[in-house]
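Since the structure comes first, as structure tokens, the remarks are kept for the end.
The values are calculated or read from the model by the stated rules, or taken from the named source; none is laboratory data. In this text the structure is predicted, and so the values were computed from the model without any measurement. All Cβ positions, even for glycine, are placed from backbone atoms using ideal geometry, and neighbour counts span all protein chains on display.
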Amino acid sequence: MTTSVTGRRGSRLVLAAAIVITATLTGPASRAASSAGAGGTPTPGAAGLGDPMFPLDGNGGYHVGRYTLDFDWQATATPFEAKAVIRATATQALSRFDLDFAGNTLHTVAVNGGTATAVRTGDELVVTPGSPIRKGAVFTVTVTYTADPTGMRHRDDAIEDYGWIPTPDGTVLYPQPNGAKMIFPADDHPSRRAPVTFHISAPSGLTAVANGTLVSRQPQPGGRTRWTYDSEQPIAAQLVQMAIGTFTEVDRTGHGGIPIRDYVPDALVGPTHTFRGLTPGQLSWLRQRLGPYPFRRYGVLVGDTDLGAALETQTLSLIPAADLLGTRVDAERNMVHELTHQWFGDSVALRTWSDLWLSEGHARFYERLYSGEHGGDSFEAAMRTAYEAHDQWRHDYGAPAEPTEPDLFKRMRYDGSALVLYALRERVGDAAFQKIERAWLSTYRDRAAGTRDYVRTASKAAGEDLEPFLNPWLYGPKTPPMPNHPDWVTTPVQG
Ligand SMILES: [Zn+2]
């Protein structure tokens, strides 16, 4: 994500503390395929992956193979019926397992079409199938619920609500960091990726859009249309986008024939035209530095909201309208930032939330590099300013790879982390730095990777052990000297 330079959101309804309900649900006679004992004694899947920042996010005991989501959308801020079908493979013999699910009104849960018991506790939906699931078995969980498209939570960085974001005539999603669970029952951790099929039924005058490609668009009785989208590639829950509104689709072609399709509220097509037209050039510029664009398409979803931040939802970045209605320099920074994330954060996913510096640091690095070359602030001057504040940020928010604040999205993860990459580039030189970046992106394309992986990849690509150089930058209590800039100094820490 990146914070809008121009926008600020007003106060919004904040979702009340998660309701804890208990429900015993029954379905048709069990057809669960497994027998107890096969593949080991069935035990509960872990409630979370033990992430240092969000320990209960994600779930143990299975991997999701595909989400199929069905939304019977009605009108902005109006509850509607929803269904999620989750196809998964058990990685252990399971007596029960969890999904991450918050808000909304739960109706039924079935496993392989049969009886399941479902209990909600906090943000966990604990599912006990009628009979255990053997290790290696493919199973299907079907969850029906009434979705609450006003469900959102607030982050303490004062600019950010996340979850469902109502617009004047529809909705957009802002799932980062862990708000996908408010949209659908999910394995809601950035390291967990699966393809998603979206079926969205909406009034025919509106347009529905989601990550990936449009598969079909079928008229339905009652003046409605059913849109089906497929994400094409696996996607982390935090990067899911689904929007409904009076959008115009604007198509163009980017570098290497990449289709670019923007979805723009009708009234904003003209006013945002000039800056949206910069995407092909930005794609070209990034392609020269980072190598092939990692997905089959891209586009900008212009958010008709007072959202204070943009988001790198996969193949379709959400950019608030205000970000495209100000100065060219600000618009370019926001656009290049989210486009860079398609490589860093989307294609190469985060292993844990403590690795956020790899995603935001890179997005900020290329955002500032591009801006410096296109009439914006000098990259070096911005990095010098970040250097001065770096010890204070270390003190307040934790070292770049070791956040200490539950609210992750602090300046250390942005300019503070771009500064680590700047230091690395100063240390190894531009050619070796580009080699490192390309090695990272090609090695971990479509996979999750973390800080240790980056240090290892950098060392291998540069042909020298960079751990002694990078570790103090990433984990140390004090910001090291900046290579080639002996005159750069940090401001003494306050408080
Ligand atoms: Zn970002």
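Based on what the data block shows, is Thr228 free of Cβ contacts under 8 Å to residues at least 40 places away in the same chain and part of a strand (DSSP E or B)? Spelling it out, Thr228 is indeed free of Cβ contacts under 8 Å to residues at least 40 places away in the same chain and part of a strand (DSSP E or B). Of all residue pairs spaced 6 or more apart or on separate chains, those with beta-carbon atoms under 9 Å, a first member in region 412-439 that is aromatic (Phe, Trp, Tyr) and a second member that is within 15 Å of the ligand (Cβ to nearest atom) and not in a helix (DSSP H, G or I) are Tyr414/Thr2; Tyr414/Thr3. Just to be sure before I move on: is Ser359 within 14 Å of the ligand (Cβ to nearest atom), polar (S, T, N, Q) and part of a helix (DSSP H, G or I) in the structure I sent? Considered against the rule, which asks whether it is within 14 Å of the ligand (Cβ to nearest atom), polar (S, T, N, Q) and part of a helix (DSSP H, G or I), Ser359 comes out as yes. Take Val172 and decide whether it is farther than 24 Å from Thr225 by Cα and assigned to a strand (DSSP E or B). Against the criterion (farther than 24 Å from Thr225 by Cα and assigned to a strand (DSSP E or B)), Val172 does not qualify.
Could you list, in sequence order, all residues of region 311-332 that are over 21 Å from Asp377 (Cα atoms) and of a type in the set (A, V, I, L, M, F, W, C)? If the condition is that a residue be over 21 Å from Asp377 (Cα atoms) and of a type in the set (A, V, I, L, M, F, W, C), then Leu311, Leu316, Leu318, Ile319, Ala321 are the ones that fit.
Can you spot a residue in region 225-246 that is modelled with pLDDT under 95, of a type in the set (Gly, Ala, Ser) and under 16 Å from Val300 (Cβ atoms)? No, region 225-246 contains no residue that is modelled with pLDDT under 95, of a type in the set (Gly, Ala, Ser) and under 16 Å from Val300 (Cβ atoms). Say we look at region 450-466 and pick out the residues that are touching a Ser or Thr at 6+ places or on another chain (Cβ under 7 Å) and over 28 Å from Arg192 (Cβ atoms); which of these is surrounded by the fewest Cβ atoms within 10 Å (Cβ to Cβ)? Looking at the filtered set, the residue picked out is Asp465.
Filtered by the rule that a residue be in a strand (DSSP E or B) and hydroxyl-bearing (Ser, Thr, Tyr), region 69-116 gives Thr89, Ser95, Thr105, Thr108.
Checking Asp306, Asp346, Asp323 one by one, the residue that is out of contact with any Cys (no Cβ under 8 Å at 6 or more places or on another chain) and under 26 Å from Pro195 (Cβ atoms) is Asp346 and no other.
Within region 127-138, the set of residues being surrounded by fewer than 21 Cβ atoms within 10 Å (Cβ to Cβ) and either in contact with a His (Cβ under 9 Å, 6 or more places away or on another chain) or not hydroxyl-bearing (Ser, Thr, Tyr) (or both) comprises Gly130, Lys135, Gly136, Ala137, Val138. Condition check for Leu369 on (1) closer than 22 Å to Ala386 by Cβ; (2) away from the ligand (no atom under 12 Å from the Cβ); (3) surrounded by 24 or more Cβ atoms within 10 Å (Cβ to Cβ): one failure, at (3). Confirm whether Ala389 is at pLDDT 95 or above and touching a helix residue (DSSP H, G or I) at 6+ places or on another chain (Cβ under 7 Å). When the stated conditions are applied, Ala389 does not pass them. The condition of being at pLDDT 95 or above and either surrounded by fewer than 24 Cβ atoms within 10 Å (Cβ to Cβ) or assigned by TED's automatic domain parsing to the domain that holds Arg447 (or both) does not hold for Glu405.
Restricting Thr3, Thr26 to residues that are within 16 Å of the ligand (Cβ to nearest atom) and either surrounded by fewer than 17 Cβ atoms within 10 Å (Cβ to Cβ) or modelled with pLDDT of 65 or more (or both) narrows the list to Thr3. Cβ-Cβ contacts under 7 Å between residues 6 or more apart (or on different chains), taken from a first residue in region 211-222 that is touching a residue at least 40 places away in the same chain (Cβ under 8 Å) to a second residue that is in a strand (DSSP E or B) and not basic (Lys, Arg), are listed as Asn211/Val196; Asn211/Tyr229; Asn211/Ile235; Gly212/Tyr229; Gly212/Asp230; Thr213/Tyr229; Thr213/Asp230.
Looking only at region 458-495, which residues are among the hydroxyl-bearing types (Ser, Thr, Tyr) and over 26 Å from Ala431 (Cα atoms)?
Initially, region 458-495 is screened for residues among the hydroxyl-bearing types (Ser, Thr, Tyr), giving 459, 475, 479, 490-491.
Passing the criteria: Thr490, Thr491.
Elements of the type strands (runs of 3 or more DSSP E) sitting completely within region 249-350 and holding at least 1 residues that are within 16 Å of the ligand (Cβ to nearest atom) and on the phi < 0 side of the Ramachandran plot: these cover 300-303, 317-320, 348-350. Condition first: within 16 Å of the ligand (Cβ to nearest atom), in a loop (DSSP other than H, G, I, E, B), among the charged types (D, E, K, R) and surrounded by fewer than 24 Cβ atoms within 10 Å (Cβ to Cβ). Can you find one or more residues in region 377-390 that meet it? No, region 377-390 has no match at all. Of Tyr174, Tyr145, all but one fail to be surrounded by 24 or more Cβ atoms within 10 Å (Cβ to Cβ), of a type in the set (Ser, Thr, Tyr), within 20 Å of Lys83 (Cα to Cα) and not assigned by TED's automatic domain parsing to the domain that holds Gly450; the exception is Tyr174.
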